[in-house]
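Reading through the C-alpha cells given below for one structure.
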There are 2 protein chains.
Amino acid sequence: MSDTNALDTLIQALRGLPGVGVKSAQRMAFHLLQHDRPAAQFLSRALQQAADTVHHCERCHTFTQDAVCSTCLDERRDRSQLCVVETPADQSAMERTGAYKGLYFVLMGKLSPLDGVGPNDLGFKKLFDRACDGVVQEVILATNFTAEGEATAYVIAEGLKARGLRPTRLARGVPVGSELEYVDLGTIAHALVDRR
Amino acid sequence: MSDTNALDTLIQALRGLPGVGVKSAQRMAFHLLQHDRPAAQFLSRALQQAADTVHHCERCHTFTQDAVCSTCLDERRDRSQLCVVETPADQSAMERTGAYKGLYFVLMGKLSPLDGVGPNDLGFKKLFDRACDGVVQEVILATNFTAEGEATAYVIAEGLKARGLRPTRLARGVPVGSELEYVDLGTIAHALVDRR
C-alpha cells in the first residue's frame, strides 16, 4: 500500500487525538478527503498556529497567546480572591456563572498517582508563590468533586494553611432543580452536614 | 477572550471532524496543547500533505497519490472481475479476506436521496464505462447490506444489465460462528431462500 502513504499517515495522526480509535480515524480521514478538504486545511493551519503561539499565562497558568492573559490583566477583577480550577474548561464554566469576579489559577491537571502525576508535575510551588503575593486574601478551591479532584484540593489546602492562608472549597449539596428522591445518598448526606 | 484566539480557532476547526462536538473538541485541543504538541504538529503536517497529494485513482476511483493506484497496476490481479464497494474501508475489508484477486471500483459513497446524493454524484457513468472495457466479465456488487447500499446495488445492477454485463451480489446469509437462536429473522429468511 505504498501509494496510500499520505492517507495512512493521516489516519495514524488522527489516532493521536484522545478518544479516537482506528475506525473513527479512518472515517475522519475519508470524510475530510472526500467531502471537506477546506476543513482539513483549516484544521492543519489551526493546529500549527495553536502549537506555535499558545502557551501558559505567567500568572494563572491558563492558555494564552500573550505573556499574561486578559483575565489576569483585567483591572476590574477582585485581586483578593484566587480560584483554583483543574482546566481552562472548568475556568470557562466558572466564568459563565457570572457569580465570580476574582482571579484564577489553572492547574492544568489533577493529582493522579496512578498516572504518575504528583504535586511537582502540577506546579503547586507556583500556585503557593502566587497565593502568597500579599494581595490574595482567600483561595477558593474549585477542583472537581471526583476522587482525584478532592485529593488535589486537600493537598493544596494543607499547603496553603501551612503558609497562613485561608482556603475555601465550593459547597457540596443538592443540585439546583433536583428532587431529593433522585439525588444520590452521598450528596444528600453532605448537604445535611453542611446545612445552613 | 481575544487572547485565546488561536485556541478558539483550533476548537472550531476540530469540530469540523465527523462525530466531534464542542466538548470533545475542547478536550482534544487541551490534550494536544497540554500534553502532546508533537502530535498536534504531526497531525497538522499529515492533514496538509494528504489534502495536497491524495486524489482519486483514474481507474478505480479509490484514494491514491499516483495517477493509477497500485491495486489497478498489479499485474497478478484478475482483470475479468470488478468488485464495486462503497468506500476504501470496505475495499480494505475485502482485501483482508484474501479471497478476492480481481480489481475494484470504489464508489466513494452510496445513493442517498435524503442527503441529495444521486447517481450523477457517485459517478455511475464512470463505473459503467470502466465495466464495459471488454475485459471485465463479472461485476461483483459489494455495497453494504443497508437500505442505501441495497438501493445502490440495484441501480448499478440495472445499468449493467442494460449494457449486457452480468452483475453478481455478495451472498446474504447467516454470519460465520453465529447461533440461529440469536440471528435476526430477516437474515435467516434470506439464508433459507438462498439455500444451496
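The values are calculated or read from the model by the stated rules, or taken from the named source; none is laboratory data. Bear in mind that the values here come from a model prediction, so they are computed numbers and not experimental data. Counting neighbours? That spans all protein chains shown, and the Cβs are built from the backbone with ideal geometry, glycine included. Calculation scope for accessible area: heavy atoms of the full protein, side chains included, ligands and nucleic acids excluded. Shrake-Rupley method; radii C 1.70, N 1.55, O 1.52, S 1.80 Å.
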> Can you pull out the trypsin sites (Lys or Arg not before Pro) in segment B:12-105 that DSSP calls coil and that have at most 12 other Cβ atoms within 10 Å?
Replying inline: B:76, B:101
> Taking the inverse of the average 1/r across all pairs of different Cα atoms in segment A:29-128, what Kirkwood radius in Å do you get?
Replying inline: 15.8 Å
> In nm, what does the list of distances from residue B:67 to its counterparts in the other copies look like, shortest first, when each label sits 7 Å along Cα to Cβ?
Replying inline: 5.8
> Taking every residue in B:9-15, how many Cβ atoms of other protein chains lie within 10 Å of its Cβ, on average?
Replying inline: 6
> Which three extents, in whole angstrom, do the alpha-carbon atoms of segment A:77-169 cover along their principal axes, largest first?
Replying inline: 37, 30, 18
>> For chain B, set up a GNM with springs between Cα atoms under 10 Å and report which of B:48, B:91, B:137 has the largest fluctuation.
In response: B:48
> Among the GluC sites (Glu not before Pro) within segment A:90-196, which fall in a DSSP loop and have no more than 14 other Cβ atoms within 10 Å of their own Cβ?
Replying inline: A:179
>> So, R0 is 35 Å and r is the distance between the beta-carbons of residue B:76 and residue B:166; what FRET efficiency does that work out to, to 0.05?
In response: 0.90
>> If you restrict to DSSP beta bridges whose two residues both lie in chain B, what percentage is antiparallel, to the nearest 5?
In response: 20 percent
> Considering only protein heavy atoms, what per residue accessible area in square angstrom results for segment B:1-130 with a 1.4 angstrom probe?
Replying inline: 47 Å²
> What net charge is computed for the residues neighbouring residue A:43, neighbours being all others with C-beta under 11 Å from the C-beta of residue A:43, Lys and Arg scored +1, Asp and Glu -1?
Replying inline: +2
>> Rounded to whole angstrom, how close does the nearest chain B beta-carbon get to the axis mapping B onto A, and which residue is it?
In response: B:44, 2
>> Using a 7 Å offset from the Cα along the Cα-to-Cβ direction at both residue B:121 and residue A:174, what is the distance between the two label points in nm, to one decimal?
In response: 5.2 nm
> What net charge do the residues around residue A:116 carry, taking every other residue with its C-beta under 15 Å from that of residue A:116, with Lys and Arg at +1 and Asp and Glu at -1?
Replying inline: -2
>> Skipping prolines and chain starts, which residues have an amide H placed within reach, meaning under 5 Å, of the one on residue A:117, given they are 5 or more residues away or on another chain?
In response: A:112
>> I want to verify the translational diffusion coefficient of chain A in µm²/s; compute it with Stokes-Einstein, Rh as the Kirkwood radius over Cα pairs, at 25 °C and 0.890 mPa s.
In response: 123 µm²/s
> For the protein assembly as shown, treating each Cα as an identical point scatterer without solvent, what Debye log10 I(q)/I(0) comes out at q = 0.07, 0.09 1/Å?
Replying inline: -0.52, -0.74
> How far apart are the residue B:97 label points across copies, placing each 7 Å from Cα toward Cβ, in nm, shortest first?
Replying inline: 5.8
> Any idea of the total accessible area buried by the B-A contact, 1.4 Å probe, rounded to 100 Å²?
Replying inline: 4700 Å²
>> Probe radius 1.4 Å, ligands and nucleic acids left out: which of A:104, B:154, A:182 has the largest accessible area, and how do the rest follow?
In response: A:182, B:154, A:104
> When you look at the Cβ of every residue in B:18-31, what mean number of other chain Cβ atoms sits within 10 Å?
Replying inline: 4
>> Looking at the protein assembly as shown only, what percent of DSSP beta bridges run antiparallel? Nearest 5 please.
In response: 20 percent
> Normalised by the residues of chain B, what does the relative contact order come to in percent, with Cα pairs under 8 Å and at least six apart?
Replying inline: 13 percent
> To the nearest 10 square angstrom, what accessible area does residue A:44 show with a 1.4 Å probe?
Replying inline: 10 Å²
> Which whole-Hz couplings ³J(HN,Hα) result when phi for each residue of segment B:124-129 is put into the Karplus expression 6.51 cos²θ - 1.76 cosθ + 1.60, θ = phi - 60°, listed in order with x for Gly and Pro?
Replying inline: 4, 4, 5, 5, 5, 4
> Of B:90, B:121, B:133, which is the most mobile in a GNM of chain B whose springs link Cα atoms less than 10 angstrom apart?
Replying inline: B:133
> What is the mean number of Cβ atoms from other protein chains located within 10 Å of the Cβ atom of each residue in peptide A:49-60, rounded to a whole number?
Replying inline: 5
>> Measuring nothing but label to label, 7 Å from Cα along Cα→Cβ, what are residue B:135's distances to the other copies in nm, shortest first?
In response: 7.6
> Carbon and sulfur: what percent of segment B:77-169's accessible surface (1.4 Å probe)?
Replying inline: 54 percent
>> Please report the net charge: other residues with Cβ closer than 14 Å to the Cβ of residue B:150, K and R +1, D and E -1.
In response: 0
> If one computes the Cα centroid of segment A:83-108 and of segment B:135-196, what distance in Å separates the two points?
Replying inline: 56 Å
>> Which residues among segment A:74-112 fall inside the zone where the amide N is under 17 Å from a point 7 Å beyond the Cα of residue A:137, along Cα→Cβ?
In response: A:76-83, A:100-104
> Relative to the longest principal axis of chain A, what angle (0 to 90°, nearest 10) does the C-alpha long axis of helix A:5-14 take?
Replying inline: 10 degrees
> Rounded to the nearest 10 Å², what accessible area does residue B:68 show when all protein chains are kept and the probe is 1.4 Å?
Replying inline: 20 Å²
